[in-house]
Amino acid sequence: MARMKFYCDAERCIECNGCVTACKNENEVPWGVNRRRVVTIKDGEPGERSLSVACMHCSDAPCAAVCPVDCFYTTNDGIVLHDKDICIGCGYCFYACPFGAPQFPSDAAFASRGKMDKCTFCAGGPQVTHSSEEYTKYGANRVAEGKLPLCAEMCATKALLAGDADVLADIYRKRVVNRGASVMNWGVQYKKAGIDG
Amino acid sequence: MATENRNKSGRIRKIVLFCVFSLLFVVTVPLIPYAIDAYAVAGNKASVEKVAALEHPAINLWNDVRQRNGRTQGLTQVQGVDSGVLINKAGEDWRRFRIEQLVPYGAWFMGGIFGAIVVYYLLKGTQMMPGGSTGVRIPRTSLNQRTAHWFTAGVFWLLAVTGLILLYGRFVLIPILGPEGFAATASACKEMHNLFGPLFVLAVVAMFVLFIKGNMFNFGDLKWFAKGGGMFGGHVSAGKFNAGEKTWFWLVMIFGTALCVSGLILVVAALGFGRETLSLSHMVHGISAVLLIAVSFGHIYLGTIGVEGTLDSMTTGSVDAAWAKAHHDQWYAEMTNDSDAVEAADQEQDSGLVEGGVAKPEAGT
């Protein structure tokens, strides 16, 4: 059984925000909601790195643990999804999530939180697959079509990878071997990089 | 007359016992899933480990970000709350607090206090007025004070019930109502809690203004504490409010203020408070709420079935002279010396007191 994961290679991400745009367009997410964002650390300083962040589809998801109405579920592919018909917009998942994935449209009365919205790994939601209801609430269901999330598919530098954790691990291992350096530690040693990467 | 009284008090006791046990049931039910969970953990351990063994390629990367005291605050093009924060370190602390401490310890604490009160009541029963009712009334609370009290009580219980449903509903109500049914309940509770919550600020302010007089601690209160408030017998001297009532007043003031401040932050979260502020507010809110709910059991017990005659001060606004003499002797002395009306009434009932003194021991036995 596959376990779907995202991986963002900090040595490759150029902070183009293509993934953010692709996600917004593919899923038609509401104004003010960004399922994916690119964070740049040490902007303009030596050692600057960018990472594209969205829901990481945790195996032991903190959001699911704290949800007072238990609206989260994990698919057979290891994708963490939630049911917007059950969500009450309390925001607990946002407090608990390490990655800041849960988003809340704030157009409800008294500026209270609306129903939570987050990255679905382009796998829709609990509604009938490819129904208009599913699309309105959760966005595209590319996984059902045998496709990967559009953010990763659109990534120009192939920094953002999405897919089975084992496959991603292999790709990443090859890259590290070819680069001869570990990420976030020694920096990139391009001179030592292999040619078959 | 005596048998009638006995039948009546027996029926009241039956009703009270029924209420007590049904409430006890409600309080203990949330604990059952923990027992089941602890039992099931042993069996599930193997499969959980198997899943965890699949290492995410990003684990090292994120651990680097998180554990090497690296900078987690960055820049991003996306506008939003904390959107520049790469990893939210406070999240795990908050989650562990809520799941591992607030939920189980809160249930044990509230259930424990409740159970202790039930045991105390079953052992001691209602504390009757010594010598029985005299029929002489001494004014104790003003209409404003009573209004503020019941307003506070109403808002407090509305918020307590909706809050407890949000805290324990996942474990108790989902099995009963189903996920969709509970979602509707929880959504209503959340909206009520958020909309009526700000009223509690008014309640705390009103309580402070109207009840601060007489609620300052003095040396006599140490004696009251030393004697356990007369819980184990013996007479304790007190002014208008005894040390227990003063403690309750100050608990409501301190933790009520904490609830108001943290609650208002949580209500207007959309104004852009960060997650660290919000999760800290939530911790303060949870601890204060559980504490006040648990202590309020004691307050309600003493105000209703615990001590005969106490409820009058919050319904009619006046109390029986015998009650005042027994529980607030210093205040009783003040009232009887200062007020001519009470003194006159006192003399008037002197003859009646003799009859009452004879009649009551029968009813008491």
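The values are calculated or read from the model by the stated rules, or taken from the named source; none is laboratory data. Please read these numbers as outputs of a predicted model, since none were measured by experiment. Neighbour counts are summed over all protein chains in view; Cβ atoms, including those assigned to glycine, are modelled from backbone coordinates with ideal geometry. In case anyone asks, the SASA skips ligands and DNA or RNA and just uses the protein heavy atoms, side chains included. Shrake-Rupley method; radii C 1.70, N 1.55, O 1.52, S 1.80 Å.
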The distance between the Cα centres of segment B:300-322 and segment B:214-281, in whole Å, is 21 Å
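In nm, what is the difference between 0.36 nm times the number of residues separating B:L311 and B:V261 and their Cα-Cα distance? It would help to have the intermediate numbers written out before the result.
Details: separation 50, 0.36 × 50 = 18.00 nm, distance 3.09 nm.
Between B:L311 and B:V261, full extension yields an extra 14.9 nm.
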Sorted by chain and number, the residues with a modelled amide H under 5 Å from that of B:Q77, at a separation of 5 or more or across chains, are A:V38
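Out of the total accessible area of segment A:4-192 (probe 1.4 Å, heavy atoms of protein only), what percent is carbon and sulfur?
Of the solvent-accessible surface of segment A:4-192, carbon and sulfur hold 54 percent.
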Computed from the beta carbon distance with a Förster radius of 25 Å, FRET efficiency for A:K147 and A:S59 to the nearest 0.05 stands at 0.60
Rg (one decimal) and Dmax (whole number) from the Cα set of segment A:83-141, in Å, equal 12.0, 34
With a ≥ b ≥ c from the Cα gyration tensor eigenvalues, square-rooted, and the rule rounded for a/c under 1.5, otherwise prolate when a/b > b/c and oblate otherwise, segment B:171-235 is oblate
The equivalent-ellipsoid semi-axes of segment A:23-74, taken as the square roots of five times the Cα gyration tensor eigenvalues and listed largest first in whole Å, are 28, 17, 9
So the A/B interface buries, both sides summed and with a 1.4 Å probe, an accessible area in Å² (nearest 100) of 4400 Å²
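Taking segment A:4-192 on its own, what percent of its Cα-Cα pair distances exceed 29 Å?
It works out to 24 percent of all Cα pairs.
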Sequence order, segment A:142-153: Karplus ³J(HN,Hα) from phi using 6.51 cos²θ - 1.76 cosθ + 1.60, θ = phi - 60°, Hz rounded, Gly and Pro as x, gives 6, 4, 5, 8, x, 10, 8, x, 5, 4, 6, 5
Computed over segment B:93-364, protein heavy atoms only, probe 1.4 angstrom, the accessible area per residue in square angstrom equals 50 Å²
Tilt, helix A:18-27 to longest principal axis of chain A (alpha-carbon atoms), in degrees rounded to tens, equals 30 degrees
So, with points 7 Å from each Cα along the Cβ direction, the B:F25-A:A2 label distance in nm works out to 5.0 nm
The answer for segment A:4-192, accessible area per residue at 1.4 Å probe in Å², is 42 Å²
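About the Cα centre, and with charges only on the beta carbon of Lys, Arg (+1) and Asp, Glu (-1), how big is the dipole of chain A? Nearest 20 debye, please.
Using Cβ point charges on Lys, Arg, Asp and Glu, chain A gives about 600 debye.
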Note on segment B:140-171: residues buried by at least 50 Å² of accessible area once partner chains are added (vs chain on its own, 1.4 Å probe) come out as B:R170
On the accessible surface of segment B:93-364, probed at 1.4 Å with all protein chains in place, carbon and sulfur together account for a percent value of 69 percent
Under the 7 Å Cα-to-Cβ spin-label approximation, A:A156 and B:K89 lie apart by a distance in nanometres of 3.5 nm
Here the net charge surrounding B:M253, from other residues whose Cβ is less than 15 Å away from its Cβ (Lys, Arg +1; Asp, Glu -1), is +1
Between B:F232 and B:I176, Cβ-based FRET efficiency (R0 45 Å, step 0.05) works out to 0.65
Here the net charge surrounding B:G233, from other residues whose Cβ is less than 14 Å away from its Cβ (Lys, Arg +1; Asp, Glu -1), is +2
Heads up, segment B:93-364 by the C-alpha gyration tensor (a ≥ b ≥ c square roots of eigenvalues; a/c under 1.5 rounded, else a/b over b/c prolate, else oblate) looks prolate
In debye to the nearest 20, the charge dipole size for segment B:93-364, taken about the Cα centre with +1 at each Lys and Arg Cβ and -1 at each Asp and Glu Cβ, equals 1120 debye
Note, segment B:87-96: 3J(HN,Hα) by Karplus (6.51, -1.76, 1.60, θ = phi - 60°), whole Hz, Gly/Pro = x, goes 9, 8, 6, 6, x, 5, 4, 5, 4, 5
Taking chain A and counting helices only, DSSP H stretches of n ≥ 4 at -39,500 (n - 2.57) each over all residues, the nearest-500 ellipticity at 222 nm comes to -6500 deg cm²/dmol
For chain A, longest principal axis from Cα atoms; helix A:165-179 axis from its Cα atoms; angle between them, nearest 10 degrees, is 30 degrees
Applied in sequence order to segment B:160-171, the curve 6.51 cos²θ - 1.76 cosθ + 1.60 (Karplus, θ = phi - 60°) yields integer Hz couplings, x standing for Gly and Pro, of 5, 5, 5, x, 5, 5, 5, 7, 10, x, 4, 8
